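Chemist: Here it is: the structure, laid out below.
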Amino acid sequence: MSFLQLKNIEKFFGDHRAIKGVDLSIEKGEFIVFVGPSGCGKSTLLRLIAGLETIDGGNLLLDGKDITHAPSSKRDLAMVFQSYALYPHMTVAENMSFALKLAGEDKKVIKEKVEHAAEILNLTRYLERTPKALSGGQRQRVAIGRAIVRAPKVFLFDEPLSNLDAALRVQTRVEIAKLHRELGATTIYVTHDQVEAMTMADRVVVLRDGAIEQVGRPLELYDRPQNRFVAQFIGMPQMNMLPIGEFGSYAESLVRPLPVGGHIGVRPEHVTITNAGEGQLLATVDFVESLGAESLVYATTPHGVQVVSKQSVRSSVRAGDTVSLKFEQDWLHVFDADGQVVSNAKGVAK
Ligand SMILES: Nc1ncnc2c1ncn2[C@@H]1O[C@H](COP(=O)(O)OP(=O)(O)O)[C@@H](O)[C@H]1O
Ligand SMILES: [Mg+2]
C-alpha cells in the first residue's frame, strides 16, 4: 500500500466543482510536483491534503490511516506557503521553535532541533535576527526550517519560490532538492512553472481544470505526452502543434488511418531549416532569437500556423525569408481530434 493515497477526491466551492475525482498514490520519500496553469486546482488539492479545506467526496489515507476528516493539527503534515507568514516580532530561532513550544516540547530538545535545522539551511548566523533583517531567500528558508523542526510525515509546499527573483529562485530550487535528498521526506510541491516541475520532481502530476491529465517521471511526460495539453504544457518553447491537413499527402506516410481533425506535434529541436525541396513545409520567418548557444527561429506557414525551430548552430536566416521546414520523422507525435495521443515519437529510446 502507498504512503499517501488519494481516492476519488472531490471538492466543491458552491456549485463550482474545483476538484473532480482525483486518484493518486504517493510512495514514501517521493518528491511529487503538482503543476498546471493558474486556477486548475493545485492549491485546493494541497489544502485538502493539509486539512485546510474539507473534502467533499472520496478518501485520503496517510500511512494506512484514513485522515479524510481528521483536523489539520492531527495529520502530521507541514505546509510552506508562498507568503512566508513569519512572525515579524520574533527572531528566526523563535519563529522556528514556535510550533514545538506550543506542543509543550522540552526546551533542550527544541534548541537542538532548531540548531540542526538552521545548520542544514545555512541560517546559524541569523538565528537572533528578526525577519525584516533578512533577504527574501533567507525568510523562505526560515519558513522551511519551521516545517523541518516538526519532522512531519509529509512536507507540503505551495509555490514557495514565487516571491523570489530569478537568480534566487534557481538557487533555492537547488537547495530544496538537496534538502529532499538529505532528509528523504515525502514531499508534495505545487508550482505553475514547468521548469521547477521538471528539475525537482521524482514524479510530476499535471493538473487541468480540477482533474489529472497525466502522472509520470519528468522525461516520461516530455517524451510520451498522452494528450495535446501535456505535450504543450511541458517543454519550452512549447511543442509545435500542426493540423494534419498542413502536411498534405506527406501525413499519410506517417500514420494510417489518419485521424480526421487531428494534429501532429513536434518539439522545436526536431524542426530544422533546410534548403527548398528538402523539407516538408514552406514558411516565412517572423523573427529569430539568437541566445548564443542556440537560436530560435519563428516562422509561419501559408495557413498561418506558427512553427518554432530550435538550432544549436547560429542561424543565418532573417525575418521575411522564405524557408523550408524539415520535421524529423522519428520525432513526430500524432494526436486525434479530441487531443488524445495516437502515437508518440518513435525516436524516444525505449
Ligand atoms: N475559497 C474558495 N472559494 C471559492 N472558489 C475557490 C476558493 N478557492 C479556490 N477557488 C476556485 O477553485 C479553483 C482552483 O483554485 P486554486 O486551487 O487556487 O488554483 P491554483 O492553485 O491551481 O491556481 C479556481 O477556479 C478558484 O477560483
Ligand atoms: Mg495556487
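The values are calculated or read from the model by the stated rules, or taken from the named source; none is laboratory data. It should be emphasised that the depicted structure is a prediction, and the values quoted were computed from it without experimental measurement. Backbone-built Cβ (ideal geometry, glycine too); neighbour counts: all protein chains shown. For the accessible areas, the whole protein counts, side chains as well, though only heavy atoms, and no ligand, DNA or RNA atoms are used. Shrake-Rupley method; radii C 1.70, N 1.55, O 1.52, S 1.80 Å.
Chemist: Could you list, in their original order, any pairs among LYS42/LYS326; LYS107/LYS153; LYS7/LYS113; LYS42/LYS108 whose Cα atoms are separated by more than 29 Å?
Modeler: Details: LYS42/LYS326 38 Å; LYS107/LYS153 23 Å; LYS7/LYS113 35 Å; LYS42/LYS108 38 Å.
Exceeds cut-off: LYS42/LYS326; LYS7/LYS113; LYS42/LYS108.
Chemist: Can I ask one more? Compute the angle between helix 92-102 and the longest alpha-carbon principal axis of the chain, please, reported from 0 to 90 degrees and rounded to the nearest 10.
Modeler: The two axes meet at around 70 degrees.
Chemist: If you don't mind, there's one more thing I want to ask. Given the chain, report the % of alpha carbon pairs whose separation exceeds 32 Å.
Modeler: On the way: 26569 of 61075 pairs.
Every Cα pair in the chain considered, those over 32 Å come to 44 percent.
Chemist: Between ASP338 and ASN59, 0.36 nm times their residue separation minus their Cα-Cα distance comes to what? Before the final figure, lay out each step's value.
Modeler: On the way: separation 279, 0.36 × 279 = 100.44 nm, distance 3.06 nm.
Length difference between fully extended and current span is 97.4 nm.
Chemist: With a probe of 1.4 Å, find how much accessible area the range 249-293 has per residue, and write the answer as a whole number in Å². Mind showing how you got there, number by number?
Modeler: Working: 2390 Å² over 45 residues.
Per-residue value: 53 Å².
Chemist: Report, in whole Å, the centroid distance computed from the Cα atoms of the range 31-69 and the range 299-350.
Modeler: If we compute the Cα centre of each part, the gap is 38 Å.
Chemist: Solvent-accessible area per residue for the range 1-140 at a 1.4 Å probe radius, Å²? Please list the in-between numbers first.
Modeler: On the way: 7270 Å² over 140 residues.
Computed with neighbouring chains in place, this is 52 Å² per residue.
Chemist: Give the Rg (one decimal place) followed by the Dmax (whole number) of the range 237-343, computed from C-alpha coordinates and expressed in Å.
Modeler: Rg, Dmax (Cα atoms, Å): 13.6, 42.
Chemist: Distances over 14 Å make up what percent of all Cα-Cα pairs in the range 253-310?
Modeler: On the way: 1043 of 1653 pairs.
The share of Cα pairs beyond 14 Å in the range 253-310 comes to 63 percent.
Chemist: Still on this structure, I have one more. Quick check: pseudo-label points 7 Å beyond the Cα along Cα→Cβ at ALA293 and SER25, how many nm apart are they?
Modeler: The two pseudo-label positions are separated by 3.8 nm.
Chemist: Taking 0.36 nm per residue of sequence separation and subtracting the Cα-Cα distance, how much length would be gained by fully extending the chain between LYS153 and ASP321, in nm to one decimal? Before the final figure, lay out each step's value.
Modeler: Working: separation 168, 0.36 × 168 = 60.48 nm, distance 5.82 nm.
Separation in residues times 0.36 nm, less the Cα-Cα distance, equals 54.7 nm.
Chemist: I'd like the orientation of helix 166-183 relative to the chain: the angle between its Cα long axis and the longest Cα principal axis, in ° from 0 to 90, rounded to 10.
Modeler: In the chain, helix 166-183 runs at an angle near 60 degrees to the longest axis.
Chemist: Here's a follow-up. P(r) of the range 139-278 in 5 Å steps, Cα pairs, percent per bin?
Modeler: Bins of 5 Å from zero give 2, 8, 15, 16, 15, 13, 10, 6, 6, 5, 3, 1, 0, 0 percent of pairs.
Chemist: Still on this structure: Can you give me the % of accessible surface on the chain that is carbon or sulfur? Probe 1.4 Å, all protein chains present, nothing else counted. Let's see the in-between values first.
Modeler: Working: 8420 of 16940 Å².
Exposed carbon and sulfur together represent 50 percent of the surface.
Chemist: Taking only DSSP H segments of four or more residues, each worth -39500 (n - 2.57), what value at 222 nm results for the chain once the sum is divided by all its residues, to the nearest 500 deg cm²/dmol? Can you show the working numbers first?
Modeler: Numbers: 8 runs with 84 residues, N = 350.
Estimated from H runs of four or more residues: -7000 deg cm²/dmol.
Chemist: Let me ask something else about it. Show me, for the range 253-258, the HN-Hα J-couplings you get by feeding each phi into the Karplus relation (A = 6.51, B = -1.76, C = 1.60, θ = phi - 60°), rounded to Hz, glycine and proline as x.
Modeler: With the stated coefficients, the range 253-258 comes to 7, 8, 8, 9, x, 5 Hz.
Chemist: Let me ask something additional. Hey, can you grab everything whose amide H is under 5 Å from the amide H of MET79? Only 5+ residues off in sequence or another chain; H modelled, so Pro and N-termini drop out.
Modeler: LEU156
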